[in-house]
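J.: Next up is a structure, given as structure tokens.
Read-outs: derived from the displayed coordinates by stated rules, not from any lab. Note that the structure is a prediction, hence the values are computed from the model and not measured. So basically every Cβ, Gly included, is an ideal-geometry build from the backbone, and we count neighbours across all protein chains shown.
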Amino acid sequence: MSPVSTPTEVPLDLAAARRWALAARVGLAEARSQIDALNVFPVPDGDTGTNMFLTFDGALDVLRGHHDVDGRGIGLVQGLALLSRGMLLSARGNSGVILSQLARGLHEAAAQAGGALDEVDADLLAEAFTRADHLAWAGVSSPVEGTILSVSRAAAAAAREAATPDGASPAAVSSAALNAARAALEHTPSQLPALRRAGVVDAGGAGLVIVLEALHRVLTDGRVEADAGDSPWFRGAAVLPPVECADDGEGAYEVMYLLSASDDSRVGHLRAHLEQVGHSVLVVGGPEDWRVHVHLDEPQVAVEAGAMAGHVDQVRIEALVRPDGAAQTAVEQPRAAMGVVACAGGDGLLELFEQAGATVVRSAAGARASTGQLLNAIWAVPARSVVVLPNDGDVLLAAQAAAAAAREEGLVVEVVPSRAAVQGLAALAVFDPEADLEDTLTAMAEAAGATVHAELTVASRDAQTGAGPCRAGQSLGLLDGQIVIVDDDATRAATRLLARLVTDQTELLTVVSGAEVDPAARAGMEQVVAAIEQAHPDVEVVWLEGGQPAYPWLLGAE
């Protein structure tokens, strides 16, 4: 019998941290469709795996754009700070935001240790798991057992226990955390009835296990090498030597890069963001490739903003030489008292929010807004304070993370927890840009909370739901995010859903049509709404063209 080889343990240094991020991205790329399929709701927006993959993938894009502007090497703590920042800015969906806390916990643990730290030992890694778990639970307003949070808690507890013996290694800690996470994941169906009915484990927890598998593989010498295009981050890049150049006299650096971005709104947010923080701003080109130029004192701000809008390449950072050496003072741009950033998923909804004065971030199933995209949009608003409307329960944590990051940069930002587009529209209807911020937030939150939201869609697969079994292709009705109607007939499903949505207390019914509503479906809905108007003559009905994907009809009752 051949002897069993013992895996070679490697230190958790900067190179290992980099390989972990690459390995996690590879693992999530391979598993994203399987994780998406674990979504307990058979609706066409189950994108947990996609969100988690894009969080790591976008983080690496953010990190590629970071250049070492003073020519010095990057240490472990600084490298982990870049990884944490990249994960935060790229986080998509609640699962992506929770996942980003793992990198934040690792950075905070290393930073607290102080000194010229070269590697993370077992105690620090266990502390990182503990911090990440605490941050994840604290960030969710109503935490639920049987989710990624349960998997995180089990991993943290096992990591602390494994780090206790003298001589414990990071590999031993990661092994214990991984095994505990796997066991907790298998246990999630017994904790959450929806998972038990569907016969699946929690999707977010499954993604976290893949990330922990990547960490353990790296720490036991299961190397994942970088592609050639991945080389800049965590190592820094030389800045071009100072050159004499004509400039506007403002900003210590000139930053130029090529941006690949096909979403015009993201490019617009980038341009407005750069105009708030720099001078001599040029964003030209399109429709997919853009040349970006700006003068400012902190070049990484410009590169980071570009990475939030798309893919950044060919970065050049040049120090602007000033013969007189005089300090420059930026000119404060005029700002309104208050502005709004709102998420929307269809062309019609985007136009509605824009017409109401909001800066809009495109966000829809499978392509939800990242923390960084929201932060770019917040910076783009020419106002002294900003209110964010996520308009999607799975964007709420990303919005809160973006608001927190903006506050750290000196902005005044608050989030109204709207979980649907109809709630966002109701909140925006009472927005007063000249009123007191606290009064405005209260009014908007009350308007959103008073709007009961419902959706009609089509089952994407066979599944067990809270309303009974469904087959792919059947009509589904959701009320406040829960499936309450399963029916073979779309018109009958709409009739049943509206009968539950509209009551004698309802004053306003909003009906928003989606991107794939044909004339027959529209006629059927008009018939159903006409019956509601006859039964409730005091109800005012507003029809809107939303153009949103995945959900043919969005409904709101106020």
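J.: What distance in nm lies between label points placed 7 Å from Cα along the C-beta direction at residue 142 and residue 518?
T.: 3.8
J.: What is the log10 of I(q)/I(0) for the range 454-557, computed with the Debye formula using one identical point scatterer on each Cα and no solvent, at q = 0.10, 0.21 Å⁻¹?
T.: Taken in order of the listed q values, log10 I(q)/I(0) reads -0.25, -1.10.
J.: More than 17 Å apart: what percent of Cα pairs in the range 250-320 qualify?
T.: Values: 729 of 2485 pairs.
Above the 17 Å cut-off, the range 250-320 has 29 percent of its Cα pairs.
J.: Right, next: If each of residue 461 and residue 316 carries a label point 7 Å out from its Cα toward its Cβ, how far apart are those two points in nm?
T.: Here the modelled spin labels are 4.9 nm apart.
J.: State, to one decimal in nm, how far the label point of residue 527 lies from the label point of residue 9, with both points 7 Å from Cα in the Cβ direction.
T.: 7.1
J.: Determine the gain in length on full extension of the stretch residue 30-residue 542; use 0.36 nm per residue of separation and subtract their C-alpha separation, reporting nm with one decimal.
T.: On the way: separation 512, 0.36 × 512 = 184.32 nm, distance 4.42 nm.
The residue 30-residue 542 span can extend by a further 179.9 nm.
J.: If you stretched the chain out fully between residue 480 and residue 282, how much longer would it get, using 0.36 nm times the residue separation minus the C-alpha to C-alpha distance?
T.: That works out to 66.9 nm of additional length.
J.: From the phi angles alone, apply the Karplus equation (6.51, -1.76, 1.60; θ = phi - 60°) to the range 157-162 and give each ³J(HN,Hα) in whole Hz, x where the residue is Gly or Pro.
T.: 5, 5, 5, 4, 5, 5
J.: Return the sequence-ordered ³J(HN,Hα) values of the range 266-273 in whole Hz as given by the Karplus equation 6.51 cos²θ - 1.76 cosθ + 1.60 applied to θ = phi - 60°, using x for Gly and Pro.
T.: Coupling constants for the range 266-273: 5, 5, x, 5, 4, 4, 5, 4 Hz.
J.: Given the rule -39500 (n - 2.57) for each run of at least 4 DSSP H residues, summed and divided by the residues of the chain, what is its mean residue ellipticity at 222 nm, to the nearest 500 deg cm²/dmol?
T.: Working: 18 runs with 262 residues, N = 558.
Per the formula, -15500 deg cm²/dmol.
J.: If you work out Cα extents along the principal axes in Å from the coordinates, which of (i) 114, 56, 53; (ii) 75, 74, 39; (iii) 66, 57, 52 do you get?
T.: So the calculated entry is the one marked (ii).
J.: Using alpha-carbon pairs under 8 Å, 6+ residues apart, how would you state the relative contact order of the chain in percent? Don't skip to the answer; put the middle values down first.
T.: Details: 1212 pairs, mean separation 76.3, N = 558.
Averaging sequence separation for qualifying contacts and normalising by length gives 14 percent for the chain.
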